[in-house]
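To start, the structure itself, in structure tokens.
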Amino acid sequence: MKSFFLLGRNPSLSVAEILSYLDVRNIEVQDWELNGNALLIDSEQRLDFKSMINSLGGTIAAGTASITGSQEEVLDFIEKKDICPWKENKFDYSVIAFCERDFEEVIIDAMKSSFKLNKVRAMIKPSLGVVAIQNGARASGTPTKLLTRDKLYFIFEGIETSFGTIAAVFDADASEKRDMNKPVRREELAISPRMAKILINLAELKPGQTVIDPFCGIGGVMQEAMLQDINAIGVDLDSSALEGARQNDRWLKKTYHPTATSTFILGDSQRVNISPADGVATEPSLGQLLKNIVPKEEAYKMQKRFEDLMIGVIKNSKKSLHRGAKIAFTAPYIQTHHARIGCNSKRILEETGLKMSIIKNGKNLAYPISELRNKKVVSREMFVFEY
């Protein structure tokens, strides 16, 4: 079963997230291809896109391939088959194309012929918005624009050519509205819903399990976990932040009625007792908000302080975890005059007795995965350790 995913600004991170999401649900991935910010996955099972789109942080849209083969086979399929699975005879549509422009035009002409043959009044709408990819490239397909389309098709050019329809689009406006409506917000310090979801999935957590966030702040990770029916334990040393997390928790339960439970602990995550859990997903403080590039020596000192903190937190969290549990976290990635400097993950692993997690079916993907923030001195690296 070939499935198409339109990814966000960091394709490598999105692929790792999707593979982790599928792996913990025992969905076997046979192969995958990446073309820009488009991903084609070959899996044994049909995927539940509408459920996935709400759980994933790095995916814009997803759907199923109707045909995969040579260009000639795809064109023949379009010309001879009814390519409208919605059983409607009048609609607007757009095409998300990851192929040469000339071939895209040939496909669209074949689609128009197919619609005419099957007496379907379909009007193409070309504008899909622009996504700025982390590597500097630009690609079409923003959630806001895609949601305005009645129907969406895709073309994916890889080893073979795939053509199909989009089944689900992430509602970014609804997600932003939910985030903005929380009673307590911290613009610069709080983790985004997108990043919270990514960490939860990289930690390979699923409904019914329990996540620990040792640096919960106002509860961003906890809230996204609970919306996925994952129980959440939040720890923070800052009493005002923890009170904000409690307020947000009460609001979430009143507004969205999640069935998952929440537990709040005021204290140092290096020392407090934490109930048993299935994984850790957290964004520690990435350090002070730097506006100017720092000398290399200062960056190393900042990373040493971060490493010391994470060693203590991970050692304490291990007491609550089972073997095989994953610890997904972000770490500062600091720009100096010569290069970016990350934390010494080898030192953290050696002192905690953990190992770097391997992305199943990840091919050339490996942690850490950088999450660069435009014009920011301090960006992120994403790590996943395994107990």
Extension gain Val130-Lys116, at 0.36 nm per residue separation less the Cα-Cα distance, in nm? 2.0 nm
Once amide H atoms are built 1.01 Å from N in the peptide plane, which residues 5 or more positions from Lys376, or in another chain, come under 5 Å H to H? none
Added length on full extension, which subtracts the Cα-Cα distance from 0.36 nm per residue, Glu105 to Lys90: 3.3 nm
In the range 367-387, whose amide N lies under 16 Å from the spot 7 Å out along Cα-to-Cβ of Arg323? List them in ranges. 386-387
Across the range 1-121, qualifying lysine pairs (alpha carbons under 15 Å, at least 8 places apart or different chains) come out at 11
Over the residues of the range 187-319, compute the C-alpha Rg and express it relative to 2.2 N^0.38 Å. 1.08
How far, in nm, would the chain grow between Thr336 and Lys363 when pulled straight, counting 0.36 nm per residue and subtracting the alpha carbon separation? 6.6 nm
With no solvent and one equal point scatterer placed on each C-alpha of the range 119-233, evaluate the Debye formula and give log10 I(q)/I(0) for q = 0.13, 0.19 Å⁻¹, two decimals. -0.73, -1.12
Quote the charge dipole size of the chain about the Cα centre in Debye, to the nearest 20; the model charges only the Cβ of Lys and Arg (+1) and of Asp and Glu (-1). 980
Whole-angstrom Cα spans of the range 1-151 along principal axes, big to small: 44, 33, 27
If you count the DSSP beta bridges with both ends in the range 121-244, what percent of them are antiparallel, to the nearest 5? 65
List the lysines whose Cα lies under 16 Å from the Cα of Lys360, skipping any in the same chain that are fewer than 8 positions away. Lys326
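For the range 139-191, what is the relative contact order in percent, using Cα pairs closer than 8 Å and at least 6 residues apart in sequence?
Worked out over the range 139-191, it gives 29 percent.
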Over the range 160-286, calculate the relative contact order: mean separation of alpha carbon pairs under 8 Å at least 6 apart, over the residue count, as a percent. 29
Taking the solvent-accessible surface of protein heavy atoms with a 1.4 Å probe, what is the per residue accessible area of the chain in Å²? 46
FRET efficiency for Tyr256 and Glu72, Cβ-Cβ distance as r, R0 = 51 Å, nearest 0.05? 0.55
Proximal charge balance of Asn201 [Cβ under 12 Å; K/R count +1, D/E count -1]: +1
Students often check this: by mean Cβ neighbours within 10 Å, which of 363-370, 374-381 ranks highest, and how do the rest follow? 374-381, 363-370
Between the range 291-322 and the range 199-259, how far is it from one alpha carbon centroid to the other, in angstrom? 23
Dipole check, the chain, charges on Cβ (K,R +1; D,E -1), about Cα centroid: among Ile311, Ala325, Gly164 the Cα furthest to the positive pole belongs to Ile311
Percent of beta bridges antiparallel (DSSP, the chain, rounded to nearest 5): 65
Surrounding charge for Phe215, neighbours by C-beta under 13 angstrom, Lys/Arg +1, Asp/Glu -1, total -4
Where in the chain are the DSSP H helices whose C-alpha atoms run 18 Å or more along the long axis and whose mean Kyte hydropathy is at least 0.0? 11-24
In whole Å and largest first, what semi-axes does the C-alpha gyration tensor of the range 1-60 yield when each eigenvalue is scaled by 5 and square-rooted? 16, 13, 10
In nm, give the distance between the simple-model label positions of Glu351 and Arg46, each being 7 Å from the Cα along the Cα-to-Cβ direction. 5.2
Can you give me the % of accessible surface on the chain that is carbon or sulfur? Probe 1.4 Å, all protein chains present, nothing else counted. 48
Going highest first, how would you order 55-62, 315-322 by mean Cβ packing within 10 Å? 55-62, 315-322
Placing +1 at every Lys and Arg Cβ and -1 at every Asp and Glu Cβ, with all other atoms neutral, what dipole size does the range 260-387 have around its Cα centre, in debye to the nearest 20? 240
Which of the aspartates and glutamates could a cross-linker span from Lys182 if the Cα-Cα distance has to be under 18 Å and same-chain partners fewer than 8 positions apart are dropped? Asp171, Asp173, Glu224, Glu243, Asp249
1/(1 + (r/R0)^6) with r = Cβ-Cβ of Asn374 and Asp238, R0 = 22 Å, i.e. FRET efficiency to nearest 0.05, evaluates to 0.20
May I ask you to derive the relative contact order of the chain, considering only C-alpha pairs under 8 Å and at least 6 residues apart, and to give it as an integer percent? 15
As an exercise, use a Förster radius of 25 Å and the Cβ-Cβ distance of Thr263 and Ser192 to find the FRET efficiency, rounded to the nearest 0.05. 0.60
Rule-of-thumb Rg ratio for the chain [Cα; 2.2 N^0.38 Å; N residues]: 1.06
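Once you compute Rg and the Kirkwood Rh from C-alpha atoms, what is the Rg to Rh ratio for the range 316-387?
Taking Rg over the Kirkwood Rh, I get 1.02.
The values are calculated or read from the model by the stated rules, or taken from the named source; none is laboratory data. It should be emphasised that the depicted structure is a prediction, and the values quoted were computed from it without experimental measurement. In this analysis, Cβ positions are derived from the backbone assuming ideal geometry, glycine residues included, and neighbour counts consider all displayed protein chains. Just the protein is used for accessible areas: all its heavy atoms, side chains included, with ligands, DNA and RNA removed. Shrake-Rupley method; radii C 1.70, N 1.55, O 1.52, S 1.80 Å.
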